[in-house]
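Asker: Questions regarding the structure given below will be posed in turn.
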């Protein structure tokens, strides 16, 4: 691999381009960007593109002789090659349009990608951001995972038993809410802390007490999958950005070449990230 996001192919005069969007969104593509990707694939590649699990697009079978012109076309649309080798993989976030986001995560992904897109690390590193405990982007099996949460509380406002919070199509997706003669009961073991019930509760019986972010570290997929461990709870997006920068800094300083964060934690313990 001779450049970030430019992956050699056979024969050697061809390459696969791994492309991501840094402007205007980090995990989304505009219609204009999609058009440029299609044009490049048609004119300089095989006519196909491939969507990766990290929310990037790969354009295979690109003629290396055309790379300079292709880069200009990409950059004009806010598209860049990257997310390969030991460079930080694209920071993936779940959809900002999802009803169950305790806190939409695409804005945080945008900031993290622009801060760390070209950072080379000791080993492969994934950062995944989930808007609730459904964890659609697999935050618990990433090197660094962040899950936003809304802590629910019951207020003194009387439940009107409208049943919106328990019946389809808007009711709780994990059946964590029951309406009884004595009012609302929330099963905290089932609750995924998405906070959506507070949005549809007309009398305000269900409310959000506070919102926060849980950080998990050391997970991985692949041939030897492993679940990340809980690291700490953070209150604000700014704190999450600062904490991730600290984690990446400690990882860069203490990991051996080729070690992922989970490997380093097995060798040194989670305290290696805390010092």
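Asker: Check region 56-69 and report whether any residue there is surrounded by 15 or more Cβ atoms within 10 Å (Cβ to Cβ), part of a helix (DSSP H, G or I) and in contact (Cβ under 8 Å) with a residue 60 or more places away in the chain.
Answerer: yes
Asker: Based on what the data block shows, is residue 28 touching a residue at least 60 places away in the same chain (Cβ under 8 Å) and assigned to a loop (DSSP other than H, G, I, E, B)?
Answerer: Spelling it out, residue 28 is indeed touching a residue at least 60 places away in the same chain (Cβ under 8 Å) and assigned to a loop (DSSP other than H, G, I, E, B).
Asker: Does any residue of region 155-175 turn out to be closer than 30 Å to residue 259 by Cβ, in contact with a helix residue (DSSP H, G or I) (Cβ under 6 Å, 6 or more places away or on another chain), touching a residue at least 24 places away in the same chain (Cβ under 8 Å) and buried (at least 23 other Cβ atoms within 10 Å of the Cβ)?
Answerer: No - not one qualifying residue is present in region 155-175.
Asker: Here's something else I'd like to know. If a residue must be on the phi > 0 side of the Ramachandran plot and free of Cβ contacts under 8 Å to residues at least 24 places away in the same chain, how many such residues does region 206-231 contain?
Answerer: Within region 206-231, residues that are on the phi > 0 side of the Ramachandran plot and free of Cβ contacts under 8 Å to residues at least 24 places away in the same chain number 1.
Asker: Next question, about the same structure. For region 182-199, state whether one or more residues are closer than 24 Å to residue 120 by Cα and surrounded by fewer than 16 Cβ atoms within 10 Å (Cβ to Cβ).
Answerer: no
Asker: Here's a follow-up. What is the residue count in region 242-275 for residues that are closer than 21 Å to residue 138 by Cβ and in a helix (DSSP H, G or I)?
Answerer: 12
Asker: Out of curiosity, is residue 19 farther than 30 Å from residue 247 by Cα, in contact with a helix residue (DSSP H, G or I) (Cβ under 8 Å, 6 or more places away or on another chain) and either touching a residue at least 60 places away in the same chain (Cβ under 8 Å) or not in a loop (DSSP other than H, G, I, E, B) (or both)?
Answerer: No.
Each reported figure results from applying straightforward, stated rules to the coordinates on display, with no laboratory input. Everything quoted here is computed from the prediction, not taken from an experiment. Glycine gets a Cβ as well: all are built from the backbone with ideal geometry, and neighbour counts include every protein chain shown.
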